[in-house]
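The numbers here are math on the coordinates, done by the rules we state, and not lab data. In this text the structure is predicted, and so the values were computed from the model without any measurement. Note that each Cβ is placed from the backbone with ideal geometry, even for glycine, and that neighbours are counted across all protein chains shown.
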């Protein structure tokens, strides 16, 4: 007996000739994050861009042979508002990895919080226990460590991307 569940989804494609499928094909569903989590994170960002302004992440690359350094668009995210990035593109529900906790430690003003974040980021047993028993979202981590000042750039560049869920069609 399989541990997989079966979901019946019926697609109405009769009037959409560009959409067709056969048994054995796969369908990708792109999730969206919970709006309460998104709003909570937006409230914690210390330098949010204007609400309706699209932001484009760029990286500074050093030129070669006398060419000046260049800002190069990052292909990780399309230009979008911070709200759109947090809603549709970035994973804000998976517990942060140790490397992200280490970055957060550098942004914590409270020495005790900084030390706890560093211990979590460096002690794999302690991290795994914390992750297993708490399974915190990014917002819950920020609530646990309120002295962390969170720049928008950290969210846009360090959070993992949301992954599509794939289902087979039968």
ask   = Quick one: would you say residue 103 is out of contact with any strand residue (DSSP E or B) (no Cβ under 9 Å at 6 or more places or on another chain), farther than 30 Å from residue 125 by Cα and not in a loop (DSSP other than H, G, I, E, B)?
value = no
note = Matching residues in the range 120-170 (assigned to a loop (DSSP other than H, G, I, E, B) and within 15 Å of residue 46 (Cβ to Cβ)) number 5
task = Identify the residue in the range 101-111 that is over 18 Å from residue 47 (Cβ atoms) and buried (at least 17 other Cβ atoms within 10 Å of the Cβ) and, among all such residues, is farthest from the chain's Cα centre (by Cα).
result = 105
remark   = Residues of the range 126-146 being exposed (fewer than 15 other Cβ atoms within 10 Å of the Cβ) and in contact with a strand residue (DSSP E or B) (Cβ under 8 Å, 6 or more places away or on another chain), in sequence order, are none
message = So residue 123 passes all but one of these: (1) surrounded by 12 or more Cβ atoms within 10 Å (Cβ to Cβ); (2) without any contact (Cβ under 8 Å) to a residue 40 or more places away in the chain; (3) touching a helix residue (DSSP H, G or I) at 6+ places or on another chain (Cβ under 8 Å). Which condition number does it fail?
response = (3)
